[in-house]
Amino acid sequence: MYLTDGVVRLRPYQADDADIDQALSWYQDPEVLYYSEGPGTEPFSRARVASMYDYLASHGELYMIEVPTPDGFRPIGDVMLSEDTMPIVIGDPNWRSRGIGSRVLRLLVQRARDVGWTRLQAKHIWKDNVRSQRLFTTCGFVFMKSGIDDAGRLFYRYQITL
Ligand SMILES: CC(C)(COP(=O)(O)OP(=O)(O)OC[C@H]1O[C@@H](n2cnc3c(N)ncnc32)[C@H](O)[C@@H]1OP(=O)(O)O)[C@@H](O)C(=O)NCCC(=O)NCCS
């Protein structure tokens, strides 16, 4: 089932080769690798993208983020909805900081309410990822705690009660 607010469309991922091919370019981008995975992360191989998507799709609802273009809807990123973690990537840099992430998150908060969940969590947002922190707070999440991950990086955790 698509989720849409009339601008952004979230399409459930169905292990489509074309989606993996498209996503491969996103996971070559140093900004995505740094903020999603951590410093020093090597660009992903196609097999790694596929196995990451398999993992995410089996642990929550994985969606391709799509925007309308003159040629139809085009995937520009991915997001996974689960109660404990909500990894999101606007993979195409031309679409970052244009309000798409906020639209996506609002759709997923509504989706979580619709299925009767009582809270959502953004588990690990690195201290220096100010844009992501603002993304979650602007959509109603509140700071819960900070922590240090296995690699020694400071992260913040956010939560929303639904
Ligand atoms: C983080 C990410 C998902 C945010 O999505 P987005 O579409 O770029 O964000 P939005 O345009 O909806 O903006 C969200 C908030 O960040 C603010 N923001 C936008 N660009 C910013 C920037 N460069 N620096 C700081 N804040 C910024 C916006 O003003 C907005 O806050 P506001 O509502 O209080 O004004 C996206 O930028 C991305 O994929 N980044 C790379 C990967 C990543 O960091 N993923 C998240 C890992 S936790």
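Numbers at a glance
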item: Residue ID - surrounded by the most Cβ atoms within 10 Å (Cβ to Cβ), chosen from residues in segment 103-119 that are away from the ligand (no atom under 13 Å from the Cβ) and not hydrophobic (A, V, I, L, M, F, W, C); result: ARG111
item: Subset of segment 25-49 that is free of Cβ contacts under 8 Å to residues at least 60 places away in the same chain and touching a Pro at 6+ places or on another chain (Cβ under 9 Å) - its residue that is nearest to GLY91 (Cα to Cα); result: VAL32
item: Test: residue in segment 81-89 that is of a type in the set (Gly, Ala, Ser), more than 8 Å from the ligand (Cβ to nearest atom) and under 12 Å from the mean Cα position of the chain (by Cα); result: yes
item: Any hit, segment 142-157, residues being farther than 23 Å from ALA18 by Cβ and under 14 Å from the mean Cα position of the chain (by Cα); result: no
item: Lone unmet requirement of (1) under 26 Å from ARG157 (Cα atoms); (2) open to solvent by 70 Å² or more (accessible area, probe 1.4 Å); (3) part of a loop (DSSP other than H, G, I, E, B) for GLN14; result: (1)
item: Filter pass, ILE76 being under 14 Å from SER36 (Cα atoms), at pLDDT 95 or above and either in a strand (DSSP E or B) or basic (Lys, Arg) (or both); result: no
item: Some residue of segment 35-51 being open to solvent by 70 Å² or more (accessible area, probe 1.4 Å), among the aliphatic types (A, V, I, L, M) and more than 24 Å from ILE125 (Cα to Cα); result: yes
item: Any hit, segment 132-155, residues being part of a helix (DSSP H, G or I), surrounded by fewer than 13 Cβ atoms within 10 Å (Cβ to Cβ) and among the polar types (S, T, N, Q); result: no
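Every residue, every condition in (1) at pLDDT 95 or above; (2) within 11 Å of the ligand (Cβ to nearest atom); (3) not in a helix (DSSP H, G or I), yes or no:
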{"position": "SER51", "(1), (2), (3)": "yes, no, no"}
{"position": "VAL67", "(1), (2), (3)": "yes, yes, yes"}
{"position": "GLY101", "(1), (2), (3)": "yes, yes, no"}
{"position": "GLN121", "(1), (2), (3)": "yes, no, yes"}
{"position": "ASP128", "(1), (2), (3)": "yes, yes, yes"}
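The values are calculated or read from the model by the stated rules, or taken from the named source; none is laboratory data. The shown structure was predicted, so the numbers you read here are calculated from the model rather than taken from an experiment. Backbone-built Cβ (ideal geometry, glycine too); neighbour counts: all protein chains shown. The area values use the complete protein model at the heavy-atom level, side chains included, leaving out ligands, DNA and RNA. Shrake-Rupley method; radii C 1.70, N 1.55, O 1.52, S 1.80 Å.
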